[in-house]
Amino acid sequence: KFQSSILYRKDGITEKLQFSRCSTLTATENCVQEFLPQFQSPMGKGCILFLYSLILSRGVDAIKADLDEPGVALMANHGYCSQELVNLCMMGYSGDLAVYNVLISEIQVL
């Protein structure tokens, strides 16, 4: 059962999360098929569920270890994704372990 703390307020999502541990590809496929409608519902919470899935799959401690600087948030100002969150979504880790900030190039504007 979820234990709330003083830093948490009910949001209608977090306290209802269901956790599944899949150890085979078939088990993972079955789990995804079972819960896919929750992610795809037009009025659903797919985005936040995807974020929870990313964080819980990688692990909070691993994400903290990935970060360039301690205390960097995955959400930036105005509710935008930080570069670390983009990296987590695209590459499975949140820091610059192999690629520095996904895009390293110069763009010439004509």
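Contact annotation: residue pairs with Cβ atoms under 8 Å, 6 or more positions apart or on different chains, pairing a residue in region 75-95 that is of a type in the set (Phe, Trp, Tyr) with a partner that is open to solvent by 60 Å² or more (accessible area, probe 1.4 Å) and part of a helix (DSSP H, G or I), are Tyr93/Arg58. Checking Gly71, Gly79 one by one, the residue that is more than 10 Å from the chain's Cα centre (by Cα), modelled with pLDDT under 85 and within 26 Å of Gly12 (Cα to Cα) is Gly79 and no other. Counting just the residues of region 42-84 that are within 17 Å of Gln18 (Cα to Cα) and assigned to a loop (DSSP other than H, G, I, E, B), which one comes out most open to solvent (accessible area, probe 1.4 Å)? Selected residue: Lys45.
The values are calculated or read from the model by the stated rules, or taken from the named source; none is laboratory data. Just so it is clear, the structure is predicted and the values come from calculations on it, not from any experiment. Using ideal geometry, Cβ is built from the backbone for each residue, glycine included, and neighbour counts are taken over all protein chains shown. Heavy atoms of the whole protein, side chains included, go into the accessibility calculation; ligands, DNA and RNA do not. Shrake-Rupley method; radii C 1.70, N 1.55, O 1.52, S 1.80 Å.
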